[in-house]
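K.L.:
If you scroll down you'll find the structure; I have some questions about it.
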């Protein structure tokens, strides 16, 4: 509250209690309110797992924070901290759980060490697309499970964007059949990495900053990343010629997650604003990925050859995935529960998607 | 402003000018604000082209209005009027243009009589899917053209939801080849109807309430509508056995459109709130259509046979569509301009979509 805003009448002090929380508008030229008359200003600290203003994902959350401020007429300020400023990129979950930060923006699959079930909320190889994942979360029971399980860590998650179908990755040599994968060193995390391991690949984890050099020097034979727009920024098209279509991340979900106790202390208005702004971010991010990927794909240099993995490999991947899911289900009751919900939605959605979206894309040619 | 809120101090009258627009919170137990301290309350009248609480489309706009109220802490009230209460369903465009109502929720393709170009903003046969349409509007220049052309009618449009791929419609007899279309009476509006006409169909326009009886009695041979969820409500599965997959409305866009002068008089905050709430509505509606269509599809009665139109018909439809587009372009400079923008985005998007979404759906099996 700015005291000077009230210094227009001598009677002010007497009524200060009555108008508690009010201050005069700074902009009142139009009807409605801008930065006007909000009671108590709330400031939240949000840490991300991305570098500052990282394209699409980082700029998406910058815009989200700006929108929260606009939508609330300035009463809700979310301060965005890129990775390693307040907390290291992969400690945002723990820090938020411990209420050292109020919120974070990250990828769900990073936290499978906390609970194997969490990886499913981030997406599944050979599974649901982005639009289907969001439908499962909202209408198929996914959100309830996610919130119940994050609740045990004092966290409240919201969908914080999605990438659309990711590419299968960059390979220095062409893959003609399943046998060609044997002994290949590939940077690939998550459930996709587990599946690749069963197919003979040696999955490697590397910090983002080291992947290009490793690929260029042949320390690794292949790497996956995201899609043309972000992959080109990494320079992978200069280190490998074969760019494979995707199968292992058809609809990865990002999260914007709040400390649960902090979330519950927010007003209904601020919670509604955060939710609507996160929905807006999710749509915008998916569309921005589509647009920028299409542009970057068109501009790929001529050495790059687009390839699809051989059928024997994809058939083996489906078998390997079902083995991985069985193993994880045996190890974790939560994984089993979430998988059951996911698979029920998959079974409901697939027959209709086959005759609507998939069929249409085939008819379109 | 509720006068009683101020009657807590005798000094109030003296400071009424200073706190103009402020009133005490009715709910202040949590930090932040709910229904608190907003300056001037704005009430807008929004008319729709749907019956009251019509599933998905009508309930979607009901929720949109509720969200605007929540997000604004009660300072933005949008009153939703179903069709024919304030204005007839298909006069919402004119009424809003003339500032008799503040806003409307409808389908863009209804207004092609105003300007043939408008039909493209609503979607195109054999063209872009919902996600692609929205990407074109936001990132490919579509919104700029839409707003420029609606601006001439004193209107400001926003995307107000989307249906996902619609079905091809219900037929009393199976279509084995293009020749079977000859002389068929079908209820099908818009560009799809124009294409069907060139294929020998006799397109018929009927009010929604008369379609079932016409189909059941054989006055018409076929009808399209939306998809399984809404089609079943119309009872079409009781009047026809052959349910065809879609081609003519792969990504229909609904609109939530404001009187432009009224829009410009709104505060930045209220404009941001309406925009975010419309984005939220658009995502939710697409996902709700997906979920409810998948459920309704699963529950179709056993007489219903799912069919795909024969290849010679779809090949002929592509030729007929390009003829229709050429004819419209000759008649209207605006149509030509919008088509050019649409086709540029289509050409950019298609190669990448083919190797990402389409390719993935094929790999998934």
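Rule-based calculations on the coordinates, nothing more; no lab input. Quantities reported herein were computed from a predicted structural model and do not represent experimental measurements. Cβ: placed from backbone, ideal geometry, glycine included. Neighbour counts: every protein chain shown.
K.L.:
Ignore the peptide's own chain and count Cβ atoms of other chains within 10 Å of each Cβ in A:123-135; give me the average, rounded. Mind showing how you got there, number by number?
P.N.:
On the way: counts 0, 0, 0, 4, 1, 1, 6, 2, 9, 4, 1, 5, 9.
Mean shielding by partner chains, rounded to a whole number: 3.
K.L.:
Moving on. Of the DSSP beta bridges with both residues in the protein assembly as shown, give the percent that are antiparallel, rounding to the nearest 5.
P.N.:
Numbers: 34 of 68 bridges.
For the protein assembly as shown, the DSSP antiparallel bridge percentage is about 50.
K.L.:
How far apart are the residue B:88 label points across copies, placing each 7 Å from Cα toward Cβ, in nm, shortest first?
P.N.:
The projected label point of residue B:88 is separated from its counterparts by 7.0 nm.
K.L.:
Only helical DSSP H runs with n ≥ 4 go in: add -39500 (n - 2.57) per run for chain A, normalise by residue count and round the 222 nm mean residue ellipticity to 500 deg cm²/dmol. Present the calculation step by step, with values, prior to reporting the outcome.
P.N.:
Details: 14 runs with 160 residues, N = 365.
Taken over chain A, the calculation gives -13500 deg cm²/dmol.
K.L.:
Could you tell me how many degrees, from 0 to 90 and to the nearest 10, lie between the Cα long axis of helix B:268-298 and the main elongation axis, the longest principal axis, of the Cα atoms of chain B?
P.N.:
Roughly 40 degrees between the two axes.
K.L.:
In Å, what Kirkwood hydrodynamic radius results for chain A from the alpha-carbon pair distances? Numbers along the way, then the final one.
P.N.:
Numbers: mean 1/r = 0.0445 Å⁻¹.
For chain A, inverting the mean 1/r across all distinct Cα pairs yields 22.5 Å.
K.L.:
Report relative contact order for chain B in percent, whole number only (criteria: Cα-Cα under 8 Å, sequence separation at least 6).
P.N.:
Once divided by the residue count of chain B, the mean separation gives 20 percent.
K.L.:
Describe numerically, in nm with one decimal, the distance between label points set 7 Å from Cα along Cα→Cβ at residue A:233 and at residue A:98.
P.N.:
Placing both labels 7 Å along Cα→Cβ, they lie 3.0 nm apart.
K.L.:
At residue A:241, with labels set 7 Å past Cα in the Cβ direction, how many nm apart are the copies from this one, shortest first?
P.N.:
Shortest to longest, the spacings are 5.7 nm.
K.L.:
In nanometres, what is the gap between the two model label sites at residue A:41 and residue B:59, each 7 Å from Cα along Cα-to-Cβ?
P.N.:
About 4.1 nm, to one decimal.
K.L.:
Please grab the % of Cα pairs in the range B:119-274 that end up more than 22 Å from each other. Intermediate values should be presented prior to the final figure.
P.N.:
Details: 6034 of 12090 pairs.
Value for the range B:119-274 (Cα pairs over 22 Å): 50 percent.
K.L.:
While we're on this one: So how much slack lies between residue B:52 and residue B:362, counting 0.36 nm per residue of separation and subtracting their Cα-Cα distance, in nm?
P.N.:
Values: separation 310, 0.36 × 310 = 111.60 nm, distance 4.03 nm.
This chain segment gains 107.6 nm when fully extended.
K.L.:
For the range A:41-155, what is the convex hull (Cα atoms) projected area averaged across all directions, in square nanometres? Please list the in-between numbers first.
P.N.:
Numbers: hull surface 31.5 nm².
Mean projected area of the Cα convex hull: 7.9 nm².
K.L.:
By how many degrees, 0 to 90 and rounded to 10, does the Cα axis of helix B:333-353 deviate from the longest principal axis of chain B?
P.N.:
80 degrees
K.L.:
Run through the other copies and list how far each one's label point is from that of residue B:301, in nm with one decimal, shortest first; the point sits 7 Å from Cα along Cα-Cβ.
P.N.:
For residue B:301, the other copies' label points sit at 6.4 nm, shortest first.
K.L.:
Ok, one more. Quick one: grab the alpha carbon gyration tensor of the range A:212-358, order the square roots of its eigenvalues as a ≥ b ≥ c, and give me rounded if a/c is under 1.5, else prolate or oblate depending on whether a/b is larger than b/c.
P.N.:
Values: a/c = 1.81, a/b = 1.30, b/c = 1.40.
Oblate, since a/c reaches 1.5 and b/c is not below a/b.
K.L.:
Which whole number gives the average count of other chain Cβ atoms within 10 Å of the Cβ atoms across peptide A:66-74?
P.N.:
Numbers: counts 1, 5, 2, 2, 7, 9, 8, 13, 1.
Counting other chains' Cβ atoms within 10 Å and averaging over A:66-74 gives 5.
K.L.:
Starting from the Kirkwood Rh over alpha-carbon pairs, what translational D in µm² s⁻¹ does the range A:96-157 have by Stokes-Einstein at 4 °C and 1.567 mPa s? Walk me through the numbers on the way to the answer.
P.N.:
Values: Rh = 12.3 Å.
The Stokes-Einstein estimate is 105 µm²/s.
K.L.:
May I pose another question? Hey, what angle do you get for helix B:142-151 against the long axis of chain B, alpha-carbon based, 0 to 90 degrees rounded to 10?
P.N.:
For helix B:142-151, the angle is close to 70 degrees.
K.L.:
What do you get when you divide the Cα radius of gyration of the range B:297-336 by 2.2 N^0.38 Å, with N the number of residues? Don't jump to the answer; show the numbers that get you there.
P.N.:
On the way: Rg = 17.2 Å, N = 40, 2.2 N^0.38 = 8.9 Å.
Working it through for the range B:297-336, the quotient is 1.93.
K.L.:
Zone of residue A:299 (label point 7 Å along Cα→Cβ, backbone N under 15 Å): which residues in the range B:334-364?
P.N.:
From the range B:334-364, the list is B:348-349.
K.L.:
Moving on to the next point. For the range A:130-216, with equal point scatterers placed on the C-alpha atoms only and solvent neglected, what are the log10 I(q)/I(0) values from the Debye formula at q = 0.11, 0.12, 0.17, 0.19 1/Å, to two decimals?
P.N.:
Scattering profile of the range A:130-216, log10 relative to I(0): -0.50, -0.58, -0.90, -0.97.
K.L.:
Follow-up question, since we're still on this one. So for the protein assembly as shown, considering every pair of alpha-carbon atoms, how many percent are separated by more than 47 Å?
P.N.:
So the pairs more than 47 Å apart make up 23 percent of the total in the protein assembly as shown.
K.L.:
How much of the DSSP bridge set in chain A is antiparallel, in percent, rounded to the nearest 5?
P.N.:
On the way: 17 of 34 bridges.
Roughly 50 percent of the DSSP beta bridges within chain A come out antiparallel.
K.L.:
Now for a different question. Assuming R0 = 41 Å, what is the FRET efficiency of residue B:216 and residue B:66, from their Cβ-Cβ distance, to the nearest 0.05? Walk me through the numbers on the way to the answer.
P.N.:
Details: r = 37 Å, r/R0 = 0.91.
E between residue B:216 and residue B:66, to the nearest 0.05, is 0.65.
K.L.:
Take the Cα of residue A:327, step 7 Å along the line toward its Cβ, and report every residue of the range A:218-232 whose backbone nitrogen sits under 19 Å from that point.
P.N.:
So the set is empty, nothing qualifies.
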